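What follows is calculated from the coordinates using simple rules that are stated; it is not laboratory data. In this text the structure is predicted, and so the values were computed from the model without any measurement. All Cβ positions, even for glycine, are placed from backbone atoms using ideal geometry, and neighbour counts span all protein chains on display.
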Amino acid sequence: MIVHPPHPPHPPDALVAARLPEVPAGGRVAVAGLVILRQRPGTASGVVFLTLEDETGVVNVIVWRTLFERFRRAVIAGRLLRVTGRVERQAGVMHLVAEVIEDISEMLDRLADAGSAPLPPPGETG
């Protein structure tokens, strides 16, 4: 029996953060990234604010209370999320109003298990 090494995970279809400004206000897109910030201010009436980061930048995400209840587990525990929603711009600030939130954190674990070689020490080439 031949055993092939596992393939690295294939990321889901998503727009990179650097291209988000190209989307018109109200446009529906999906983004994916590491969760670098979760905020649920007491003054925000149950709204949760997420910041996702990919290799090109960050995306600010607004999760309304009703959607938070529907995707609570992903919002609270997800390390890597794919969020589909509508682009909104107000006073020069752009964010994504979430409609669907997917926890794709298992891709991080699969990436680590894919047998990738460790990075060489700084100053050395591999």
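Couple of notes before you dig in:
- In a reduced charge model with +1 at each Lys and Arg Cβ and -1 at each Asp and Glu Cβ, segment 23-111 shows a dipole moment near 320 debye about its Cα centre.
- Working note: Cα atoms of segment 23-111, range along each principal axis, descending, whole Å: 40, 29, 18.
- Residue order, fewest to most beta carbons within 10 Å, for Phe68, Phe49: Phe49, Phe68
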